[in-house]
Structures are given as structure tokens and as C-alpha cells.
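The values are calculated or read from the model by the stated rules, or taken from the named source; none is laboratory data. All values derive from a computational prediction rather than experimental measurement. As a convention, Cβ positions derive from the backbone with ideal geometry for all residues, glycine included, and neighbour counts pool all protein chains shown. Note: accessible area is taken over every heavy atom of the protein model, side chains too, but ligands, DNA and RNA are not part of it. Shrake-Rupley method; radii C 1.70, N 1.55, O 1.52, S 1.80 Å.
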Amino acid sequence: MNKELPEGWVKATLEELAIKPKADIVDGPFGSDMKASEYIESGVPIIRLQNIDRNRFIEKNTKFISSKKAEALARHSFIAGDIVISKLGEPLGKACIVPENIGAGIVVADVVRFRLNHSFLDPAFICFSINSPLVADSLIEHTKGSTRPRVNLGNIRRLSVPIPPLAEQKRVVAKVEVLLERVNTARERLASVPAILKRFRQSVLTAATSGKLTEDWRNQRKIGIDSWVKIYGSDVFNFITSGSRGWAKYYSNTGAIFLRVGNLDHNTINLDLSEIQRVKPPKGSEGERTRIKLDDILISITADVGMVALINHDIGEAYINQHLCLARPNNAYNSRYISYYLASPSGGLSQLTDAQRGATKVGLALGNIRSLEFSMPNYEEQHEIVRRIEALFALADAIEKRVADATRRVEKITQAILAKAFSGELVATEAELARQEGRTFEPASALLGRIKTQRALAAPAQKSRAPKRAKPQPAAKTPAPASGATGVVPQRTPATAKPFADQVTGGIPRQILDSMKPDVSYSRADLLAATGITETDWLWAVKQLKQSAQVTQTGDRRGARYSLSIATKSNLVEISKPAIHNRHAGNDMFNKAALCAYIVKSCHDPRYPLGRVKLAKLFYLAQHKADIHLTKSFEKLAAGPLDVGIFKVLNLAQKQGWLVLEEAIGKLKPVSPGKKIDEALPQAEKILGDSKSRVDEMLSFMKKLGWKALERWATVLEAALELIQLNRPVNVSTVKEVLINNEKWRAKLDREEFADNHIRDTISGLKNHGFLQ
């Protein structure tokens with residue numbers, strides 16, 4: 001960056017471009033504050049090094065942490081529109097913009113988040129600038145480490161970038177995007193090759209395990225396919241087990257490898273050891289049982305079932321967790337053939353997938369592995385099949401290498417375009433245009449001055465130093481406190497931490513939110529008049545609100561209208577539900593009690609006591625199924641939507657002799673039919689009317705479900721109804737959005753019952769049972 005800058009440009013460090021440098025440019029927490037062992041299947045997303053490429057966010061292998069953990073790490077948060085920069089790896093300093101669909105989350109330790117004011121700077125320009133050779137090369141002199149080069153946060157904050165006037169920034173971005181369009185097309189085509197190779201490998205495995213791959217080999221030896229025999233997993237494996245539970249207490253930074261589902265992948269039988277957890281296992285038979293040996297085969301048996309890995313080389317002492325099955329083949333079979341057969345879409349994988357679909361609980365049992373059917377050729381043909389598979393896979397590997405080489409060439413073209421852009425050679429400068437048009441212009445130095453002014457205004461006022469006070473003389477002995485006094489100096493109560501989603505906006509954006517009402521759309525003029533903020537503040541603030549998903553925009557330019565998003569409305573008002581309008585004569589308390597009695601009568605089974613929590617969920621679902629409105633509003637409490645008066649209703653039903661509220665059995669508080677329960681049934685049937693048969697069918701199905709499953713059904717239905725009211729689609733992502741943005745429901749996503757596959761199945765079930773269209 002020694003070349004002279006174009007007229008009107010300046011060089012500035014990233015911290016000089018920030019309004020609050022220490023808050024706007026931050027890296028992730030120390031590794032000990034956010035461990036890989038804390039990653040979960042869904043929740044608040046985290047951005048890792050593998051998500052960042054030059055000018056491109058890679059949405060792949062996204063990991064999550066709990067909302068509670070995210071709140072504790074809010075200082076390290078990101079929102080859509082932020083720039084994220086890598087400070088570790090090769091090459092250093094890759095940067096991209098967080099896309100809208102990622103929303104808010106946390107960056108890891110080796111990622112820097114840069115939040116800038118869009119009123120002064122174009123984020124795409126700054127991102128292109130950081131990725132340009134002129135800037136990227138300047139990081140090399142600050143590199144530490146030989147095997148994995150890195151820079152520190154201070155190096156990123158002091159990173160110097162060229163800055164033109166704002167109008168010129170936008171022209172540069174527009175030109176770069178046009179030039180990169182063809183480059184990006186080539187990149188996208190290259191990026192599509194891995195998927196093609198994935199299908200190729202699947203086809204190879206299918207041909208291998210069906211006998212087609214070695215048909216010519218058998219013909220040469222005059223052997224038919226009838227030489228293949230059917231055997232079972234119990235014949236193939238001498239030993240089958242799964243990992244131990246509760247080994248988190250043995251986690252360590254050193255020690256043996258602890259293999260988990262993340263170490264396996266589809267379409268390969270090789271272990272992925274890029275991220276490993278280590279343990280110091282307990283002594284004794286329990287540890288030895290799950291210790292792996294050479295030629296052992298590992299199979300994922302929960303969540304993403306059917307991934308296979310062969311222990312084909314010595315990786316040292318290693319154990320498996322409870323989500324993996326260890327299957328040890330006997331010497332009569334080729335372990336590589338067994339592994340490829342298990343990974344084949346038409347072999348073991350399809351059987352394992354079918355077994356999971358038919359299972360009554362999540363995941364597979366070891367019995368499913370023992371009952372697997374294998375089409376087994378003789379040992380010589382097993383060896384030939386493995387040889388041919390690996391020859392074809394080697395061809396695919398070679399193609400992948402060529403694609404990687406071509407991708408690197410594409411990146412060189414990108415860098416050449418960026419080098420021209422940030423030396424002022426790509427578009428006319430603002431100074432040149434101003435002279436041609438006979439006007440003045442604001443140079444970047446003035447822009448930098450305005451940022452400096454904003455930084456000064458945002459800085460907290462420093463307290464003036466108090467004058468020195470005379471040194472106090474030793475005081476007389478303090479008398480004992482009067483009767484009733486504690487003698488303790490009152491301590492300041494710490495402020496309650498805001499939820500994670502509320503910490504990404506404040507100040508002017510908060511003024512805008514406070515001036516808006518649910519279900520009302522506003523023009524820009526409406527909100528400017530209501531808040532009294534400036535046009536410049538408006539442009540920045542509304543961008544922040546849209547990026548943090550608190551405000552939605554319909555239309556554009558002069559016709560744009562703004563309204564509170566579903567996330568914000570769910571924290572302000574109880575959204576009305578569609579089409580629940582039927583009312584019934586009589587006291588609602590008695591009607592509710594009668595309906596509860598009807599549910600208990602239908603679901604009572606002395607072998608499986610019906611608890612009050614489960615009854616409350618069935619009460620909610622029955623009202624929606626029957627399209628009746630006994631409860632005006634169900635509150636979104638931690639355990640799901642709830643009629644807060646339900647327990648008064650149950651007490652009333654007990655007084656009437658309709659129900660018996662029995663003594664608790666541990667945490668279960670059973671409800672059973674009372675002697676006079678039949679007196680409640682006519683009123684309940686009157687309330688249900690024509691929907692009685694539908695409710696009966698629902699209860700017949702749902703009485704088999706546990707209270708946790710019913711909590712999920714009720715919660716997902718409540719979220720779906722909100723989405724329908726707002727004309728939004730109902731899918732896993734949108735339902736999770738509702739849950740994440742509800743403070744009391746956010747923690748549900750930390751639980752196994754609310755994993756993506758369970759939410760997906762519940763949406764499907766709600767549709768199949770007529771709750772949703």
C-alpha cells in the first residue's frame with residue numbers, strides 16, 4: 001500500500017472507521033469459554049473459520065450453542081450485515097459479510113467481527129478492500145506461528161484500508177460486482193462438481209453391492225450372481241456395542257480420542273479427525289468395552305444414522321460415545337467390503353434408514369445392526385470389489401484436485417480485479433467527476449472527520465477528578481447497630497442481563513421500535529416525525545433493525561412501509577389466533593372442567609397414569625382440534641402454551657366429583673376419573689358438537705405420547721398459528737425463529753425433543769391430523 005492514493009482518498013485503520021472501536025471490532029471468546037463439547041444441533045448459530053471465504057459466506061456445517069450460553073457471550077455477537085474476518089489459517093484475513101438469513105449469533109475465538117456505520121461506509125466496499133491484495137499482504141508482516149499462521153485482534157484493528165468518498169465507494173462496488181459476475185459463475189460451476197462426484201460415488205457403491213460392478217469378473221470365471229449368499233449382521237460381527245453415556249465428566253484437553261458422530265460422514269469410510277474431543281476414561285471393563293481396535297467399523301445410530309467409518313490405521317487409544325455403534329467383523333470377511341456395503345445407498349444405508357423410520361424412539365438399537373442383511377460374495381470377489389471401488393474413488397479424488405486447482409486460478413482473477421479497484425483504476429474518481437460537472441465533493445478525509453465526531457459523541461463522558469480530601473482521623477470504635485439493623489452496608493444490585501436477541505440494538509433503533517405498534521405499517525415520514533431523528537440516523541438505524549430481524553420492510557424506495565417483525569411482536573403482544581371463534585353458553589369454568597373430564601375419561605389407563613401437565617397440553621390441543629374458544633388466551637410459558645387457570649379448573653372438577661387429583665408420584669401428579677365423571681360428559685359432548693369424532697380420533701392417538709412430545713406438539717402448533725396469521729410459511733426454520741425470539745421458549749431448542757428432525761415430524765403430524773393445512 002505504498003502506492004500514492006487517488007485524489008480524495010485517504011488511508012485509515014479499521015478502528016478509525018468504527019464509532020466504538022472496542023465494541024465494534026471484537027473477536028470471539030477464549031476457547032475455554034466456548035468449547036466444541038458445548039456445540040448443539042440447533043440454537044444460536046456460531047461463525048467459525050470454515051464459514052469465511054473471501055467475499056463469500058460459506059453456509060456449511062453450521063454449529064450452534066444454547067441461547068443461555070449466547071447471552072453470556074453477547075459481547076462476541078454478530079448480526080446480519082456485520083463483516084467477519086479470519087485471524088488464523090492460510091490465507092490470513094479472509095473477510096465476508098454475514099448474510100441476512102444467518103441472523104444473529106456468536107463468533108469463535110479466531111474470528112473477528114467488524115460492525116460499521118452504514119451511513120458513512122459501504123460494507124461491501126470495506127469487505128472488498130480487506131480482501132484485496134494490497135491490504136491482505138500487509139498482514140503477513142504481523143504473522144505469528146509457522147504451522148498455522150495467525151494475527152491478533154490488535155493487528156486487525158490497526159489494519160489500514162484505502163477509503164474513497166462514499167459515492168465513489170458505491171461505484172467501485174457496483175463495478176466490481178459486474179466484473180466478478182462471470183468469475184462467480186465459474187466459481188459456482190466449480191462448486192457444483194463436489195455434488196456430482198458425491199452422486200458418482202453413490203452410484204459406484206450401489207453397483208458394487210448389487211453385483212453389477214464385478215459382473216464381467218464373474219463371467220470370466222463362469223460364476224453366477226447366485227454365488228452370493230445372504231447373511232446377517234449377527235453372522236458378520238463377533239462383537240457389537242455402543243458407547244457409554246455420561247462421559248462428559250471425563251473430558252480433558254489431553255488423553256485418549258473420544259470419537260463422536262461429527263467424526264463420521266456420508267460417502268466415505270474414512271474418519272474425520274479435524275475436530276476431536278479427548279477424554280481420560282475410567283478404569284475397568286466399561287472403558288475397555290468401548291475402546292476401538294484396528295478394523296473395527298463405527299456406525300452412527302442416532303440423529304444422522306448410517307454414517308460409517310473403518311478404523312483402517314492406528315490412531316492411538318480411542319473410545320466411542322453413545323451415539324455410535326462399534327461393530328467388530330470376524331476374519332472371514334473383508335472389513336473394507338463390509339464398510340462399503342454399510343455405506344451403500346442400496347445396501348446397509350437403506351436398511352438403517354428404514355429401521356429408523358419405523359422406530360418408536362429416536363435412533364437405532366443394536367438389534368438393528370445384528371439384523372442387517374448382507375449380500376456376500378466369496379472372499380476373492382470381496383477383494384476385487386474393494387479394488388474397483390477404490391480405483392474409481394481415486395479417479396474422483398483426482399477430479400476434485402483439478403477442481404481445487406481451477407478454483408485457485410479463479411481466486412487469482414478475483415484478486416487482480418480487486419487490486420485495480422483499490423488503486424483507483426476501475427472507475428472515475430469522485431474528484432474527476434466533480435471537476436467535469438463543475439461541482440464540489442466531500443473528500444474521504446471529511447468523511448473520516450465525521451466518523452471521528454460521532455466517535456467522540458458516543459464516548460462516555462469522563463468524570464472530573466474530585467479534589468483531594470483531608471485524610472480522615474481514626475474514628476472511635478463503631479457502636480453496635482441498633483436492634484433490627486443488620487450492620488451490613490447495602491450493596492448495589494447488579495443489573496439484570498438483557499436476553500441475547502435484545503443486546504444487538506439500542507439507542508436510536510430503540511426509539512424507532514418504541515414509536516411503533518403491532519400490526520400497523522408506517523412510512524419513513526411517519527417514523528421520522530414520531531422520533532425526531534435525522535435522515536442520516538434513520539438510514540443507519542432502519543438498516544440495523546432490518547438486519548437484526550426486528551422490523552420488516554414491504555415495498556422499496558418512496559413506497560416502502562415498515563412494521564414490527566414477528567420476533568418483536570411476540571415480545572409485545574399476544575397475537576390473535578385465526579379461526580377460533582366458537583363460544584358456548586354457560587360458565588366457561590364449568591365448560592373447561594367438563595372438557596377436562598372428557599379428556600381424562602378418554603385417556604385414562606391405570607397402567608399409565610395421566611399427569612396434570614400432559615392433561616394441560618391435551619386441553620390446549622383439543623380446543624384447537626374442535627375449533628372452540630373456551631380459553632381466550634394461552635400464555636407462552638416455559639412448558640409451552642398454557643391456560644393459566646387450568647389448575648383452578650381441575651380443582652372445580654374435583655369438587656364436582658368429576659375428577660380425582662391424586663398424590664404426586666415423584667414429579668408426576670396423576671389425574672383420574674371421579675365417581676361422578678359421567679355427569680360431565682353430556683356437557684362436554686355439547687361443547688364439542690360435530691367435532692367430537694375428530695377430537696376422539698386425536699385423543700386416541702395422542703394419549704400414547706409422553707408429556708414432552710405433547711409439549712412439542714402444542715408449542716409448534718402455537719408457533720405455526722402465529723406464522724399463519726402473518727402470512728408466513730410454516731417450516732422448521734420459521735418455527736425455530738418464533739422460538740428463538742421468545743425469551744421463555746428459546747431454551748427449548750437446547751433440548752433433544754426440539755431438534756430439527758422432531759420439529760419437522762411434528763409439523764408433518766399437525767398437517768396429517770388436520771391442525772394445519
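Some points to look at:
- If only residues of region 627-660 that are at pLDDT 85 or above and among the aliphatic types (A, V, I, L, M) are counted, the one that is nearest to Gln683 (Cα to Cα) is Ala653.
- For region 612-626, a residue qualifies if it is open to solvent by 10 Å² or more (accessible area, probe 1.4 Å) and under 13 Å from Leu717 (Cβ atoms), and the qualifying residues are His624, Lys625.
- Boolean, Ala680 is surrounded by 16 or more Cβ atoms within 10 Å (Cβ to Cβ) and within 27 Å of His769 (Cα to Cα): yes
- Count of region 43-55 residues which are part of a strand (DSSP E or B) and either in contact (Cβ under 8 Å) with a residue 60 or more places away in the chain or not assigned by the TED database to the domain that holds Ala18 (or both): 4
- The sole residue among Val644, Val671 that is assigned by the TED database to the domain that holds Trp713, within 18 Å of Ala622 (Cα to Cα) and open to solvent by less than 30 Å² (accessible area, probe 1.4 Å) is Val671.
- Qualifying position, being modelled with pLDDT of 50 or more, part of a loop (DSSP other than H, G, I, E, B) and open to solvent by less than 60 Å² (accessible area, probe 1.4 Å), among Pro460, Pro509, Pro518: Pro518
- The single residue among Ile130, Ile140 that is among the β-branched types (Val, Ile, Thr), touching a residue at least 40 places away in the same chain (Cβ under 8 Å) and open to solvent by less than 40 Å² (accessible area, probe 1.4 Å) turns out to be Ile130.
- The lone exception for Leu352 - which of (1) more than 25 Å from Arg245 (Cα to Cα); (2) touching a helix residue (DSSP H, G or I) at 6+ places or on another chain (Cβ under 9 Å) it fails: (1)
- Matching residues in region 7-35 - criterion: being surrounded by 19 or more Cβ atoms within 10 Å (Cβ to Cβ) and part of a loop (DSSP other than H, G, I, E, B): Gly8, Trp9, Ala18, Ile19, Gly28, Met34
- Among the helices (runs of 4 or more DSSP H) confined to region 341-432, the ones with at least 3 residues that are open to solvent by less than 10 Å² (accessible area, probe 1.4 Å) and not polar (S, T, N, Q) are located at 379-421.
- Of the strands (runs of 3 or more DSSP E) lying entirely inside region 219-335, the ones with 1 or more residues being surrounded by 17 or more Cβ atoms within 10 Å (Cβ to Cβ) and aromatic (Phe, Trp, Tyr) are found at 237-242, 256-259, 318-320.
- Restricted to region 647-660, and to residues there that are open to solvent by less than 30 Å² (accessible area, probe 1.4 Å) and either of a type in the set (Val, Ile, Thr) or more than 24 Å from His624 (Cα to Cα) (or both), the residue that is nearest to the chain's Cα centre (by Cα) is Val649.
- Members of region 106-133 that are among the aliphatic types (A, V, I, L, M), within 19 Å of Ala174 (Cα to Cα) and touching a Gly at 6+ places or on another chain (Cβ under 7 Å): Ile130
- In summary, Glu38 fulfils each of the numbered conditions (1) farther than 19 Å from Asp750 by Cβ; (2) open to solvent by 40 Å² or more (accessible area, probe 1.4 Å); (3) of a type outside the set (Ser, Thr, Tyr) with the single exception of condition (1).
- The single condition among (1) over 19 Å from His769 (Cβ atoms); (2) aliphatic (A, V, I, L, M); (3) in a helix (DSSP H, G or I) that Leu618 does not satisfy is (1).
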